[in-house]
1. With charges set only on the Cβ (+1 for Lys and Arg, -1 for Asp and Glu), what does the dipole of segment 3-109 come to about its Cα centre, in debye to the nearest 20?
2. For ASN93 paired with ILE54, estimate the spin-label separation in nm (one decimal), with each label point 7 Å from Cα along the Cα-to-Cβ line.
3. As a footprinting exposure proxy, order PHE14, PHE51 by other Cβ within 10 Å, with the fewest listed first.
4. Around GLN47, with a cut-off of 12 angstrom between Cβ atoms, what is the net charge of the other residues, counting Lys and Arg +1 and Asp and Glu -1?
5. So how do VAL86, VAL30 line up by other beta-carbon neighbours within 10 Å, fewest first?
6. Within a 10 angstrom radius of the beta carbon, how do SER64, SER101, SER94 rank from fewest other beta carbons to most?
Amino acid sequence: MSTVLLQWIWYTCFGAQTFSDCSLFIALCVILAQRRTGFKRSDSLIQILIFYSIGICVLTSAISLASVITNVVLPGTFVPIAIIQVLPTLMYNSLLALLNSRDALLGEFAGQVVSIHLSRLRVATLQRPAPEAAMSASWGQNNEAQVTVNISVSEANHRSFEAK
């Protein structure tokens, strides 16, 4: 095999790895950001998970990109291979750090239980306006009676719950 073909395989492989890593990172951050609830506890947990994913993406993408750049700058040397040797260990350690952080996150957020008593809920009901009805009768052709009834309601019935 020629070295040019091997270089293109190298560029394609680690360029695709960098692209897919960044794409997954962006998708994960968008999904996590959309899952915010407005509660302080869950929003701060989501924020921590976003920061973890930022750290993992930056490290693994930087190593892959550094390998591609060193292969361009120093072709035919073992420097890109030495850089890539760090990547599997880095990914493995990132996965283990994320799995080990679950216990710390659960311990940090475990004591913050929020309870809402049902006796404190108050139901507020908006009054629905009375339907407007109109009726008209007329004689059509061949002495047939025609009756038209129109009923319309302007607003729907809404309920809201307030805790006090």
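1. Around 260 debye, computed over segment 3-109.
2. Distance between the two pseudo-spin positions: 2.1 nm.
3. Working: PHE14 23, PHE51 10.
By the 10 Å Cβ count, ascending, the order reads PHE51, PHE14.
4. +3
5. The most exposed by this proxy come first: VAL30, VAL86.
6. Values: SER64 23, SER101 14, SER94 17.
Taking fewest neighbouring Cβ atoms as first place, the list is SER101, SER94, SER64.
Values in this text are rule-based calculations from the coordinates and carry no lab data. In this text the structure is predicted, and so the values were computed from the model without any measurement. Using ideal geometry, Cβ is built from the backbone for each residue, glycine included, and neighbour counts are taken over all protein chains shown.
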